[in-house]
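Let me begin by presenting the structure, written as structure tokens, before commenting on it.
Nothing in this text is a laboratory measurement; each read-out follows from the coordinates by a stated rule. Computed from a prediction, not measured in an experiment: that's the story for all the values here. Quick reminder, even Gly has a Cβ in these numbers, built from the backbone with ideal geometry, and neighbours come from all protein chains shown.
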Amino acid sequence: MAVTYFTEDHEWLRVEDGIATVGITDHAQDQLGDLVFVQLPQVGQSLAKGDAVVVVESVKAASDVYAPVDGEVTEVNEAVVSDPALVNSSATADGWLWKMKLSDSNQLTGLLDEAGYKAIIG
Amino acid sequence: MQNKGIFPFTDRHIGPSLQGSRSMLAALNVPSLETLISQAVPKSIRLERPLDIPEAVNEAEALTLLWAKMSQNKTHKSFIGQGYHGTHVPAVIQRNLFENPAWYTAYTPYQSEISQGRLELLFHFQTLVAELTGLPVASASLLDEATAVAEAVGSAYRHHREKRTRIVFAADVHPQILDVVRTRAEPLGMSINGGTIDAQVAAIIVPWPDTFGVYGDHSIAIEQAKAAGALVIAVADPLSLTITAPPASLGADIAAGSMQRFGVPIGYGGPHAAYLAVTDALTRLIPGRLVGQSMDSKGRPGYRLALQTREQHIRRDKATSNICTAQALLANMAVSFAIWHGPQGLRAIAARVHGQAVRMAAGLEAAGVGLVGKRFFDTLTVNVPGKADAIAAVAQRDRRLVRVIDQDRLGLTFDETTTEADLHALAALFGAMLPDDTGTRLPSERPADGFMTQAVFHQQRSETEMMRFLRRLADKDLALDRAMIPLGSCTMKLNAAAEMLPVSWQSVANIHPFAPPDHALGYKSLTDDLESWLAEITGFDAVSLQPNAGSQGEYAGLLAIRRYHFDRGEAHRDICLIPESAHGTNPASAHMAGMRVVVVACEEEGDIDLDDLKAKAELHGANLAALMITYPSTHGVFEEGVKDICAMIHAHGGQVYFDGANLNALVGLARPGDIGADVCHMNLHKTFCIPHGGGGPGVGPIGVKKHLAAFLPGHVELNSAHAVSAAPFGSASILPITWMYIRMMGASGLKQATEMAILNANYIADRLKDHYPVLFTGRNGRVAHECIIDTRVLKESAGISVEDIAKRLIDYGFHAPTMSWPIPGTLMIEPTESESKREIDRFCDAMVAIAGEAARVMSGVWPKDDNPLVNAPHPADDVLSDDWSHPYSRSEASLPAGSSDENPKYWPPVSRIDNVAGDRNLVCSCPPMQAYR
């Protein structure tokens, strides 16, 4: 069964069978405004927690999206490259950014659940 | 000290009359200007004596003095080349663009709706560069050729995610380019060598042609670079590209060079526009300004600055560069030259220049004189064993300068201004005769009809058409010649005509930066004056005039600090503390200078959080390199504790860098050097009257204390290194503007200007405070030379954003103040001393009226999604349309303040530009005609 986690950096990750799908939260896309560009990592790239993996840009801001946990990129969502607006319209579903194979599922315990994240963004 | 002469310039420069300033003081309820200044400026930093600079002279006297001074320059005809070429500035461009305040007093085109004219011309510039180089994406110009190549190297470095650290030169570039690239590469840990091309090489640099004028065969190096994944950077002469194959066909990923010879005077080294073009894949790595095409709210085409998120003001230390400005005025001159001549005209110039070089080569060869290389465009390197100086001396007797490369080699470069008489005289130096016509020696030929097919390069052949073309574009824009530009932090003061006149003088414009020193005695005297005056004004011991923009000044200043620490054996000091309120260039410059940025928090009032600063200075004490601080702060306040801050940094072994963006609030009242700064840059294009040119040129000298003087930028032509600009004195030809300003103002005039700037800002703050909250005032409720008003309350109550207010100001005939900086949702207003009370009142009236309009939205008179604010600005086409269905009238839309002979209506050419569409579908050059077929 898939479990969804959140980070203080406004990312969500949905974990199923050791694979995490990662994106930015609806709150994050709302703060950034209309996205115009997304730069994705390469499949096979190994990530350490805290690495800047993706750049998302609106006309007024550019933000890094960080690796929430260690792992390796298994898939990227090319659809958001050709249509960055997908992240705005569907941040937590069709607008996902990359999938990664987890190196250490114990790292998940340090992440937030939905209630915890909502408490942070108020 | 007050100048008692007739027609004092101070009265012309300063806007408010005596009566106007009295009534502003009365409104502020202070008895005198001195009282206001003592309330605004902390006593602890005040300079208690007059500045020691010459007493003011009036306009006519100053022009006479400067004329005599600059007449000491010898304007021999230059055949030196080396990146600087003689050119005829077409008179139609000289008068209608270069010397036209509608063009030179405009600001950088952030507010696109009032900048369509210069954005369109810059867009044509990008198209021109794309056509010449064959690369699809060109920027809106860079500062000079050497920094453009350095920026290209930076792009390659970032392309390889800062992992590849070697640069290989395929042949020799001009020495000044190598020098600047070296300066830039060292702090990044990059090395420059000619070794093997492997996976450690970020880029190879292919000079096209090289500094000796020779086109080498670099095909193997290019092939190796491609195989190793290194980028290929071509440094190409744009005139040659009209008759030879473009860099893209060589395999170049990036091309860079100088557009100077497209009708921009040499001017002792600058300012000129450099170009940079890249492949599509590298678009987001491109530094500096990029103009993109988008559309307005009604679907009409419109231009805007695109992909700004790459830039320092948003991306800070992760930006593609610290570059802020471009060389807009010079880029616009260059593209106008191309529009005026068209591709046929440019090819004719190029072919003539090449023909001259070929005939000279044939003549020299026939006379048994050896040449370097076989393929060339306009430059010959002549072998003259042991005789270079002697031959150059003979040439000088006839008022001609040739390039002495070393004792055995001379360089001869021909250009648009070279005459038949010149050729014969030069040939005679070598005992040669000139043959008539001997074909070409180009490396490749370019077909005549394959480039610059866009209509704009073909429609302006008659001078009537050209004059109207430039007028049509200028009319779209709002510059200082129409209205106040109250941009906070930008200091849009008067650029007086008398200050501008000398820039066009032959003695200023027509001298090569590498002319022998005794040919530039006028410039020597000018720069000596300026260095000593600026040192006195800022309280420093030495000044470098070389940096040709504020960002370059920051960079040069941080490099001086870095080299100082190295020199003391403290190379490990690499932490740069920067307050979070700092201008984005600060962290971008620090990153380029090899420093690690640590951000210091600010308090709610905008002051630096002293506890956080103390904690971070202690934590990083052993590695502390510098603190960068803006004073008065970016929030427009004179912080009380600034001296303590400087002392704290010094106690930890760090240096204090002052960002001089706000120097207009200090001149004559306080000096950064006295406050405790070790280095400070000055923006001559803000405080000292050099016009903004619609987005450049700028000049950013730095002043330093004695212990840093040895680490100021040098120059290869002065037998020293660490240059940050191509020319020893950067943008030398616009330094007379600042000389004239200081000479005409004198010590008391400069101080008076500062006081009036502070009075004007406080008057605005007072007039607007009942309508908008005024943020960040000092202890006595006073602001410095600018004020920040908060519009966020309107967003919450009426859905009116700060952008709506900015765009609505256009309908009232104003350029908006600085928007959302340093605080999102606010406007920062800086009137400068040059605006009269009448103009300031007109602006305040508009701001008050806009608050009233917002109130009508709030009370429901106008809907939140259809009112004059959210729909602003209103172009004539829309208001005059038969179709008008808004709940407000046409006159409410477009004549909200009425119209009069005194304040004629400014009509924006477009409605609100769609930023999102422009960045999602980037169009940054006009497609060729074939695309329409």
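Here are some notes:
- A straight Cα-to-Cα reach below 21 Å connects A:Lys49 with the lysines A:Lys99, A:Lys101, B:Lys163, B:Lys318, residues fewer than 8 places away in its own chain not being considered.
- Close amide H partners of B:Val600, meaning residues 5 or more places away or on another chain with modelled amide H under 5 Å apart, are B:Ile578, B:Glu580.
- With contacts taken as Cα pairs under 8 Å at a separation of at least 6 residues, the range B:253-374 carries a relative contact order of 22 percent.
- Shape of the range B:236-300 from the C-alpha gyration tensor: oblate (a/c of 1.5 or more and a/b not above b/c, with a ≥ b ≥ c the square roots of its eigenvalues).
- Between 0 and 90°, nearest 10: helix B:175-185 axis offset from chain B longest Cα axis: 50
- Interchain or long-range residues, amide H under 5 Å from B:Ala520's placed H: B:Lys74
- For the range B:34-148, the ratio of Cα radius of gyration to the globular rule of thumb 2.2 N^0.38 Å stands at 1.67.
- Scanning residues 5 or more positions from B:Gly778 or on other chains, those with amide H under 5 Å from its amide H are B:Val783, with H placed 1.01 Å from N in the peptide plane.
- Backbone HN-Hα couplings from phi across the range B:549-558 [Karplus 6.51/-1.76/1.60, Hz, Gly and Pro as x]: 6, x, 4, 6, x, 4, 5, 4, x, 5
- Other protein chain C-beta atoms within 10 Å of residue C-beta, averaged over A:79-88: 1.
- B:Trp884/B:Asp475 FRET efficiency (R0 25 Å; Cβ-Cβ; nearest 0.05): 0.55
- Two-site FRET efficiency, A:Ser82 against B:Gln459, from Cβ-Cβ distance with R₀ of 41 Å, rounded to 0.05: 0.65
- The protein assembly as shown - share of DSSP beta bridges that are antiparallel (%, nearest 5): 70
- When the Gaussian network model of chain A links Cα atoms closer than 10 Å, the mean-square fluctuations of A:Asp34, A:Asp17, A:Asp51 top out at A:Asp17.
- DSSP beta bridges in chain B [antiparallel fraction, %, rounded to 5]: 55
- Remark: relative contact order (chain B) = 20 percent; criterion is Cα-Cα distance under 8 angstrom and separation of 6 or more residues.
- Shielding of A:52-59 by partner chains, average beta-carbon count, 10 Å: 4
- Summarising the label geometry, the points placed 7 Å from Cα in the beta-carbon direction at B:Val793 and B:Lys226 lie 6.5 nm from one another.
- Between A:Lys101 and A:Asp64, the C-beta separation translates, for a Förster distance of 22 Å, into a calculated FRET efficiency of about 0.55.
- Dipole in debye (nearest 20) - the range B:386-529, about Cα centre, beta carbon charges: Lys, Arg +1; Asp, Glu -1: 360
- Cβ neighbours within 10 Å from other chains - mean over A:29-38: 3
- The value of relative contact order for chain A, using C-alpha pairs under 8 Å at least six residues apart, is 30 percent.
- Applied to the range B:916-923, the Karplus parametrisation 6.51 cos²θ - 1.76 cosθ + 1.60 on θ = phi - 60° returns per-residue 3J(HN,Hα) values of 5, 4, x, 7, 6, 10, 6, 10 Hz, with x for Gly and Pro.
- Gyration tensor (alpha-carbon) shape descriptor, the protein assembly as shown, a/c threshold 1.5: rounded
- Placing a pseudo-label 7 Å from each Cα along the Cα-to-Cβ vector at B:Leu619 and B:Arg300 gives an inter-label distance of 5.3 nm.
- As a rough guide to protection, the peptides B:739-750, B:122-133, B:765-776 ranked by mean Cβ packing within 10 Å, highest first, stand as B:122-133, B:739-750, B:765-776.
- Inter-site label distance for B:Ala876 and B:Ser504 at 7 Å from Cα along Cβ, in nm: 2.8
- Within the range B:1-61, the proportion of Cα pairs with more than 18 Å between them is 55 percent.
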